[in-house]
Amino acid sequence: MRRLALIAVVIAVGTAAARSEDMWDPPWDDMGFPETTQEWNFPNLLTFLGYENGDVLDPLLPMSPHPVDMENPFGVPHIEWPCDIEVEDPENPGGWILLTVRAEVQMIDYTTPDDGLVLLDAPTVHISIEMPNPDPDPQAPPTIPVEGTPLAGTTVPVSIWIPNNPDPNLSKMIFWQMTSDKSPTPTGSPPTATGVGPDTYGSTDHPAPHPHIDHGGGGWYTYNGLVEIQPNPEGEWLTFELVDSTNIEEIVIKTVCMPEPATLGLMALGGLGVLARRRRRR
């Protein structure tokens, strides 16, 4: 009975909650450039029905790697969740350690930032990192959490593939937003994401267009950033570095190909125009 009630909650408010964390328009909004949008929202009906607490994400399930909402005429974007990674052993220079990385569903009680609705046992993606257990006892578990060890600050990549306009343009602008309960950097500073095209392409991380939002109460934040790739490739990877024990509620990525020079100046003027309009509405 409780599960049926929870399903009703997700059906009723899951979609509305998803849109609540799409906090900002991109800097180029209202400038007439064709853009793409891809949004991954994990407290949704498909994720709720497809997974139990602690389930490892199945790459074959459509709600796992693919967006729940998108407008991209050039193809279907997808996420590649972390896998095992090899890192240098901090206690043995020149040595390497194979870490086990899991992307699994964690059910939490989540309060939506804008309207205060509570989703009970709402699914989020939980990133956890484990290292080989140095205990020689054969009965000991093979891995242990990195928390409290020299590897506690290790980050692991979450990479998103975004198909792109194949026509040549000056640059590709990528505006990203992430709602999570932990800043994806070991220092606690706001996260950064790196865009990658072919080797001959350059990638630049610009300052975040907006102040990051502290939603309060549950420790949730919405971060944002702006990445530029020159010239625009036919597709690009956007990679986030995540620390151990991070829950991700939503990722929103908006992109545009800019055919003209002085792109950032135009975008700055456009952003000021949007800000002025919003102030006039209040």
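List of remarks:
- Scanning region 195-220 for residues that are modelled with pLDDT under 75 and surrounded by 18 or more Cβ atoms within 10 Å (Cβ to Cβ) returns Gly195, Gly197.
- Just so you know, in region 121-165 the residues that are touching a residue at least 60 places away in the same chain (Cβ under 8 Å) and hydroxyl-bearing (Ser, Thr, Tyr) include one that is nearest to Phe240 (Cα to Cα), and it is Ser159.
- Considering residues of region 32-42 that are modelled with pLDDT of 85 or more and either crowded, with 21+ Cβ neighbours inside 10 Å or over 21 Å from Trp237 (Cβ atoms) (or both) only, the residue nearest to the chain's Cα centre (by Cα): Trp40
- Annotation for region 117-140: no member residue is under 30 Å from Ile174 (Cβ atoms), among the acidic types (Asp, Glu), outside any loop (DSSP other than H, G, I, E, B) and under 22 Å from the mean Cα position of the chain (by Cα).
- If you go through region 58-70 and keep only what is surrounded by fewer than 21 Cβ atoms within 10 Å (Cβ to Cβ) and touching an Asp or Glu at 6+ places or on another chain (Cβ under 8 Å), you end up with Pro65, Val68, Asp69, Met70.
- Matching entry among Ser159, Ser180 (being surrounded by 22 or more Cβ atoms within 10 Å (Cβ to Cβ), of a type in the set (Gly, Ala, Ser) and modelled with pLDDT of 80 or more): Ser180
The values are calculated or read from the model by the stated rules, or taken from the named source; none is laboratory data. Given the structure is predicted, the values throughout are model-derived calculations rather than measurements. Every residue, glycine as well, gets a Cβ built from its backbone with ideal geometry; the counts of neighbours run over all protein chains shown.
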